[in-house]
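Participant: Structure provided below as structure tokens; questions to follow.
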Amino acid sequence: MTIEGWASLQTELLQSVGKNNYVTWIEPLKLIALEDGVARFDVPTVFFGDWVSRNFSDPIRQLFSKSGVVVDRLEFKVSAPSKFVSVGRKAPVKIRPTQDDEVPSAPLDARFTFDSFVVGKPNELAHAAARRVAEGDSVSFNPLFLYGGVGLGKTHLMHAIAQELSQRRPDLRVLYLSAEQFMYRFVQALRERQVMGFKELFRSVDVLMVDDVQFIAGKDSTQEEFFHTFNALIDQNKQIVISADRAPGEIKDLEERIKSRLQCGLVVDLHPTDYELRLGILRQKVDYYRQQYQGLTLVDGVLEFLAHRITTNVRVLEGALTRLFAFANLVGREITLELTQDCLSDILRASDRKITIEEIQRKVSEHYSIRLSDMIGPKRLRTIARPRQVAMYLAKQLTPRSLPEIGRRFGGRDHTTIIHGVRKIEELMSIDSQLSDDLQILKRILQA
Ligand code: ADP
Ligand code: MG
């Protein structure tokens, strides 16, 4: 086999290592020599070589042997530095970021500040923790891990931290980006043979903020790099702030060691909004719209109506208000309840989705891997009775159904049985953390 043969040979690895790995690790490999059972490759960095050697030696050797070449050993050589400074026709890129280099943070939304963040019971802890980090005095908990469902204010809080920090501590290098951007930059660095530059850049910041970290789950090489960056910064006592749509332990396909690292600091969640918080947010936004659309009047009760009816998330709530004001402005009418219902009928209908007892029974039985029929059946085994009680509890909590009605849907049980079940769960909830986790997950699934 010739050295040129390698190029066509290497594509055969695409299947066995997967596209991500292939693009990141295999494609950049250049075979520079093949003799005496040793295959020598040119790689951009030592790290790169180590990584390929540890993870892809076997498939590469098998590939050679399939094509009739016996290779006992793989060697990885870093090419001369001059080679990876200049990238194609682009101007040479500096490898080492100096103090004067601007940290290439993702753009921040100027509206996402602490001033514009409305605090209520569901988000007070997350807000307090974010405020603390934004003081920038000392690293009190590391990392700060914020999680919660879509549109509950994670990104808003992250931007608020970054903006506050840049005012209070202009000396600190703050890097904010989404996990997707992290991956994109990492892959790009690999392609352009700038991995060292990438590493040094990320290790030179004082505060690293990564939004929506669940994105890197299942993306192996990116996870690995994230893990190293994360550890290096923690070791240097640099602040890290992470957000995700769920708790570290609940992120599928995220390596165990990363999960446990993420849990080491402070983990706080943004709970689904409650009525008061929604009303508070609406009031704040209305003040803004009043200035923008002067002369528009808003009838009493409209905001309360919206806060009551749109319970999905803040983004939808804001969208509704924006549309309402734009529409009223267009038609030149005052904002009444009737106008609101007309203008927002689709949003209101979508928010109308009611959780049913059947749905609760289905999700709970899936969660505990029991049969749906056991929900209504007579079995008293603990492994079945407990999930059934969980479903009873959730039915009471999440639907407006009466106890006798719930009893009927659980195979015609008496309402006192339902009361007993609900109480049992309430009692256990405070002492059994597994159970309280289960309840949280189930609620989130059902309310999604
Ligand atoms: P997430 O990142 O959790 O999906 P965002 O931070 O993007 O959600 O929030 C969605 C929208 O809702 C943004 O416009 C944000 O300003 C707004 N928002 C969320 N929570 C609040 C709050 N407590 N006060 C004011 N605005 C909020
Ligand atoms: Mg977000």
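The values are calculated or read from the model by the stated rules, or taken from the named source; none is laboratory data. Just so it is clear, the structure is predicted and the values come from calculations on it, not from any experiment. Please note: Cβ atoms are built from the backbone with ideal geometry, for glycine as well, and neighbour counts cover all protein chains shown. SASA here: full protein model, heavy atoms, side chains in, ligands and nucleic acids out. Shrake-Rupley method; radii C 1.70, N 1.55, O 1.52, S 1.80 Å.
Participant: Quick one: order Asp342, Asp206 from most to least accessible surface, probe 1.4 Å.
Facilitator: On the way: Asp342 100, Asp206 35 Å².
The most accessible residue leads, giving Asp342, Asp206.
Participant: Given a Förster radius of 60 Å and the C-beta distance between Glu338 and Ala232 as r, what FRET efficiency does 1/(1 + (r/R0)^6) yield to the nearest 0.05?
Facilitator: After rounding to 0.05, the efficiency reads 0.50.
Participant: Just going by the charge dipole of the chain, with Lys and Arg at +1 and Asp and Glu at -1 on Cβ, which of Leu29, Ile347, Met375 is farthest out on the positive end?
Facilitator: Farthest towards the positive pole: Met375.
Participant: Would you mind counting up the charge near Tyr293? Only other residues with Cβ under 15 Å from its Cβ, with Lys and Arg at +1 and Asp and Glu at -1.
Facilitator: Working: positive: Lys285, Arg290, Arg323, Arg333; negative: Asp287, Glu334.
After counting each charged neighbour, the total is +2.
Participant: Given a 1.4 Å probe and the protein chains all in place, what does the accessible area of Tyr147 round to, in Å² to the nearest 10?
Facilitator: Using a 1.4 Å probe on the heavy atoms, I get roughly 20 Å².
Participant: Let me ask something else. Under unit Cβ charges (Lys, Arg +1; Asp, Glu -1), what dipole magnitude, rounded to 20 debye, does segment 275-351 have relative to its Cα centre?
Facilitator: Working: 9 positive and 9 negative charges, 44 e Å.
Magnitude of the dipole: close to 220 debye.
Participant: What's the magnitude of the charge dipole for the chain around its Cα centre, counting Lys and Arg as +1 and Asp and Glu as -1 at the beta-carbon? Answer in Debye, nearest 20.
Facilitator: 920
Participant: Roughly how big is segment 186-314's charge dipole about its Cα centre, with Cβ charges of +1 (Lys, Arg) and -1 (Asp, Glu), in debye to the nearest 20?
Facilitator: With Lys and Arg at +1 and Asp and Glu at -1, about 220 debye.
Participant: May I pose another question? Most mobile of Gln292, Gln239, Gln341 per a Gaussian network model of the chain (Cα springs, under 10 Å)?
Facilitator: Gln292
Participant: Using the Karplus curve 6.51 cos²θ - 1.76 cosθ + 1.60 with θ = phi - 60°, what ³J(HN,Hα) values do you get for each residue of segment 336-342, in whole Hz, with x for Gly and Pro?
Facilitator: Each residue of segment 336-342 in turn: 9, 4, 5, 4, 4, 5, 5 Hz.
Participant: Also, quick follow-up: Within 14 Å, Cβ to Cβ, of His159, how many net charges do the neighbouring residues add up to if Lys/Arg are +1 and Asp/Glu are -1?
Facilitator: Numbers: positive: Arg111, Arg131, Lys154; negative: Asp109, Asp115, Glu164, Asp211, Asp212.
It works out to a net charge of -2.
Participant: Projected onto the charge dipole of segment 357-447 (+1 at Lys/Arg Cβ, -1 at Asp/Glu Cβ, origin at the Cα centre), which of Ser365, Pro404, Met392 gives the Cα projection farthest towards the positive end?
Facilitator: Pro404
Participant: Report the relative contact order of the chain, percent, no decimals, based on alpha-carbon pairs under 8 angstrom and at least 6 residues apart. Please report the intermediate quantities before stating the final value.
Facilitator: Details: 592 pairs, mean separation 53.1, N = 448.
The value is 12 percent.
Participant: How high is the relative contact order of segment 124-269, given as a whole-number percent (alpha carbon pairs under 8 Å, six or more residues apart)?
Facilitator: 36
Participant: Helix-only mean residue ellipticity at 222 nm, the chain, DSSP H runs n ≥ 4 weighted -39,500 (n - 2.57), per residue, nearest 500. What is it?
Facilitator: After summing the helix terms and dividing by residue count, I get -16000 deg cm²/dmol.
Participant: Would you mind finding the longest exposed-site-free stretch of the chain, with exposed trypsin sites (Lys or Arg not before Pro) meaning DSSP loop and at most 14 other Cβ atoms within 10 Å?
Facilitator: That gives 112-251 as the longest site-free run.
Participant: Another question, then. Could you grab the relative contact order for segment 163-248? Cα pairs under 8 Å, six or more apart, rounded to a whole percent.
Facilitator: Worked out over segment 163-248, it gives 32 percent.
Participant: By accessible area of protein heavy atoms, probe 1.4 Å, what ranking do Met209, Met196 get, highest first?
Facilitator: Values: Met209 0, Met196 65 Å².
Ranked from most to least accessible, the order is Met196, Met209.
Participant: As a test question: what accessible area, to the nearest 10 Å², does Thr312 have when a 1.4 Å probe is rolled over all protein chains in place?
Facilitator: The accessible area comes out at roughly 80 Å².
Participant: Quick one: helix 154-168 against the long Cα principal axis of the chain, what's the angle to the nearest 10°, folded into 0 to 90?
Facilitator: With both axes taken from Cα atoms, the answer is about 70 degrees.
Participant: Determine the order of Glu12, Glu256, Glu164 by accessible area, beginning with the largest, at a probe radius of 1.4 Å.
Facilitator: In descending accessible area the options line up as Glu256, Glu12, Glu164.
Participant: Mind grabbing the accessible area of Ser140 for me, 1.4 Å probe, Å², rounded to tens?
Facilitator: 60
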